[in-house]
1. What are the residues in region 1-26 that are more than 13 Å from the chain's Cα centre (by Cα), under 28 Å from Ala75 (Cβ atoms) and of a type in the set (Val, Ile, Thr), if any?
2. Within the set of pairs 6+ apart or on separate chains, which have a first residue in region 44-73 that is in contact (Cβ under 8 Å) with a residue 40 or more places away in the chain and under 15 Å from Ile5 (Cα atoms), a second that is aromatic (Phe, Trp, Tyr) and loosely packed, with under 14 Cβ neighbours inside 10 Å, and C-beta atoms under 8 Å apart?
3. Assuming Trp63 fulfils every condition listed in (1) modelled with pLDDT under 85; (2) in a helix (DSSP H, G or I) apart from one, which condition is it?
4. Being over 19 Å from Val13 (Cβ atoms), at pLDDT below 75 and of a type in the set (Gly, Ala, Ser) is true for just one of Ala43, Ala88. Which residue is that?
5. Return the only residue of Ala57, Ala47, Ala32 being over 20 Å from Ile74 (Cβ atoms) and in contact with a Leu (Cβ under 8 Å, 6 or more places away or on another chain).
Amino acid sequence: MQQWIAPDNTPFVHFLFGLDLSTKLPTATQDADIDHCWWRTPAQIIAADNLRSPLLAESVRLWQQGARDPLQLIAPFQWPFREGARHADA
């Protein structure tokens, strides 16, 4: 989990969740300003020059170094958010 303030002063909290998959699953974009999703190795992510934020490469570096936090760390965020959330059936 990392925090970053973008050059336009937009604050971000970034979460990286790691998992092992036996096969690559289909990808789909989640935001209008993202036009592609790809599966990449950690080395490819770190070397990429077109990441959405520097937090991704830094998170991968920390993951490679063995940095791990318990999932309970995000419990105070009270997922899933309900108030003001957009729902697919709305």
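1. Ile5, Thr10
2. Going by the 8 Å Cβ cut-off, the qualifying pairs are Ser53/Trp4; Ser53/Phe12; Pro54/Trp4; Leu55/Trp4; Leu55/Phe12.
3. That leaves (1) as the condition not met.
4. Answer to the selection: Ala88.
5. Ala57
The values are calculated or read from the model by the stated rules, or taken from the named source; none is laboratory data. All values reported here derive from a predicted model rather than from experimental measurement. For neighbour counting, all protein chains shown are included, and Cβ atoms are generated from backbone atoms with ideal geometry for every residue, glycine included.
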